[in-house]
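Derivation of every value follows stated rules applied to the coordinates shown; laboratory data play no part. From a predicted model like this one, the values you see are computed outputs, not experimental measurements. Counting neighbours? That spans all protein chains shown, and the Cβs are built from the backbone with ideal geometry, glycine included.
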Amino acid sequence: MNAVKGTNRLILDDMRLYLVIFTSIALGLTAVYVAIGFLFDVRYSSQLFGPMYGGICTFAIAGLVTLYPVAIGMGSTRIQFMKSFYMMGVCMVVGTMVILHLIYLLVHLLNVGGWLQVTLYQPGMLYSSRYLVLPYLWMDLMLGFLVFGLSVFLTVCWIRLGMRNFLFLLFGLGLVMSLVVAFGDMRQFTLWIAYQNRMLVFTVLGVIGGALLLSTYPMMKHALLVRKSSKD
């Protein structure tokens, strides 16, 4: 097995592990929600996307930190590793959202059939209160890419800058955002967002996630095998 196939297999196995773990959590929660609805015949709303988005975030952070030095040690180049990681990351997002929406569809069919009164919150409800498979799936995909891109970007910044400089960066960004919120006219901005097409807003968020992801490519081309220490 050459370095390219070995790297792809390494990341694929890690992706499968996280996908199985967090899918199992989501299925367990679904079983609990459905059981409560059936046994007690109650109407209530809950959410299921938290564990699935958490799986994407965990793969982006833990997968990148743990697999990067292993892949380089196996003979992979930094560029090849990032290409493989991007590809598997996209598969992780798509696979996660397809599984999530299969669960959504099942719960929706139980609701339509009158068997269940439990509803699950979805980001797509901001677009339409009527269940629409493709728009709902698209909006979740865009949020998934945003979560993945942002998680990878922050992790790469941590790897390249070290803990101390990374915390300084976060503090600076937090300070700037706090000043913008405190002194800017956020009410007008919020109203402007509210009147925009929700599908377009979510698509832009997905594009931002993709841009953040691609920006890590030049950052990792010459990255060290170990993270900088807090003293660097």
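Overview of results
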read-out	value
Mean residue ellipticity (222 nm) of the chain, computed from DSSP H runs ≥ 4 via -39,500 (n - 2.57), nearest 500	-27000 deg cm²/dmol
Degrees between helix 49-58 axis and first principal axis of the chain (Cα, 0 to 90, nearest 10)	10
Amide N proximity, the stretch 45-65 versus residue 129 label position 7 Å along Cα-to-Cβ, cut-off under 16 Å	45
All-pairs Cα distance distribution in the chain, expressed in whole percent, bin size 10 Å	7, 26, 30, 23, 12, 2, 0
Where labels lie 7 Å past Cα in the beta-carbon direction, separation of residue 20 and residue 167 in nm	3.7
Within the chain, longest stretch free of exposed trypsin sites (Lys or Arg not before Pro) [DSSP loop, at most 15 other beta carbons within 10 Å]	131-220
15 Å reach of a label modelled at residue 80, 7 Å along Cα-to-Cβ, counting backbone N of the stretch 5-47	5-12
Nonlocal amide H pairs with residue 48, under 5 Å, H built at 1.01 Å	121
